[in-house]
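This structure is in structure tokens; I'll ask about it shortly.
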Amino acid sequence: MAFTFKQFHIDDMNCGMAVGTDSVVLGAWAQLTAAKTVLDIGAGSGLLSLMAAQRSQAHITSVELDTSAAEACQHNFHNSPWANRLTLVNSSIQDFCQQIEYQEYFDHIICNPPYFEQGTQAIQSQRAMARHTDSLSFTALLDAIDLCLSPQGQATLILPMQSLPRFAACVAESSTLAIAKQVPAKSVSTKEANRVLIVVSKDRQTPTEHGELTIRNSEGKYTEQMIELARDFYLKL
């Protein structure tokens with residue numbers, strides 16, 4: 001379906017994952033305004049890349065494995081105000097990492113990764129690929145981040161809270177990467193946090209937990225936190 005934001009339009013008809021709150025929160029929360037180069041791993045419809053383009057002056061490279069999603073992504077880029085700063089690569093991130101010239105690392109990497117390791121997969125293959133780690137395991141994702149991230153850069157991701165222990169274990173196995181920040185996110189104020197925003201860096205410091213993000217209050221309305229995050233994107237805020 002089509003989704004119109006304040007400064008760009010998304011058509012995600014041929015993408016495994018539709019536009020969702022997770023990506024909007026991630027794209028608005030990531031500290032990428034000062035970045036000169038951004039890598040979007042698993043770009044899908046291009047939503048995160050377009051949010052990054054709106055929020056920065058960076059050149060954004062978007063890597064998407066699925067050909068149908070890549071075509072939709074390219075269409076969305078072409079119709080945006082920032083087409084000259086957006087480059088799409090239809091490839092796996094593993095192949096991209098083998099081909100890239102490492103003289104230039106990325107200042108920021110952003111990713112809403114596949115996260116289900118077990119369980120029933122979606123019948124639609126595109127959706128299954130977007131949601132399950134069969135196509136991109138946490139270890140493979142972290143290897144890509146390690147290869148592509150600048151020494152002072154950051155990678156920002158969003159995961160279900162239930163996937164955090166496994167992801168953290170994979171990070172701990174890395175010799176160069178560490179979780180620098182993690183922020184629990186609640187979909188509704190009356191429930192437990194079901195998502196977590198994560199910052200990974202090459203600075204092996206003690207991870208910090210900075211407060212908590214709540215998207216909706218008990219009445220189902222956006223909280224002031226969410227309004228502040230999304231006001232530059234959602235039409236009705």
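The values are calculated or read from the model by the stated rules, or taken from the named source; none is laboratory data. As the structure is a prediction and not an experimental result, all values here were calculated from the model. Glycine gets a Cβ as well: all are built from the backbone with ideal geometry, and neighbour counts include every protein chain shown. Surface areas here come from the heavy atoms of the whole protein model, side chains and all, with no ligands, DNA or RNA. Shrake-Rupley method; radii C 1.70, N 1.55, O 1.52, S 1.80 Å.
Springs between alpha-carbon atoms under 10 Å, Gaussian network over the chain: tell me which of H108, H75, H59 tops the mean-square fluctuations.
Residue with maximal mean-square fluctuation among H108, H75, H59: H75.
For the stretch 229-237, take each phi angle, set θ = phi - 60°, evaluate the Karplus expression 6.51 cos²θ - 1.76 cosθ + 1.60, and give the result in whole Hz per residue in order, putting x for glycine and proline.
Those phi angles translate into 5, 9, 4, 7, 10, 6, 4, 9, 9 Hz.
Could you derive backbone 3J(HN,Hα) for the stretch 48-57 from the dihedral phi with the Karplus parameters 6.51, -1.76 and 1.60 (θ = phi - 60°), listing whole Hz in sequence and x where the residue is Gly or Pro?
These are the phi-based 3J(HN,Hα) values: 4, 5, 5, 5, 5, 5, 5, 8, 8, 9 Hz.
Just the number please: accessible area per residue for the chain, 1.4 Å probe, all protein chains included, in Å².
Value returned for the chain: 48 Å² of accessible area per residue.
Per the helix-only calculation at 222 nm, which mean residue ellipticity applies to the chain, given -39500 (n - 2.57) for every DSSP H run of n ≥ 4 and division by its residues, nearest 500 deg cm²/dmol?
That comes out to -8500 deg cm²/dmol.
Could you list which residues have their amide H under 5 Å from that of F5, counting only those 5 or more apart in sequence or on another chain, with H placed in the peptide plane?
Answer set, sorted by chain and number: I10.
Say R0 is 30 Å: what FRET efficiency, to the nearest 0.05, do Q94 and M161 get from their beta-carbon distance? Intermediate values should be presented prior to the final figure.
Details: r = 27 Å, r/R0 = 0.91.
In this case the efficiency is close to 0.65.
How much length is gained on full extension from E224 to T21, taking 0.36 nm per residue of separation minus their Cα-Cα distance?
71.5 nm
Let me ask something else. For the stretch 22-74, take the alpha-carbon Rg, divide it by the Kirkwood Rh, and send me Rg/Rh.
My calculation of the ratio gives 0.96.
Given a 10 angstrom Cα cut-off, can you work out which residue in P184, P81, P165 is the most mobile in a GNM of the chain?
Checking each option, the largest mean-square fluctuation is seen for P165.
How far apart, in nanometres, would the label points at D203 and A2 be if each is projected 7 angstrom from Cα along the Cα-to-Cβ direction?
Result: 4.4 nm between the two label points.
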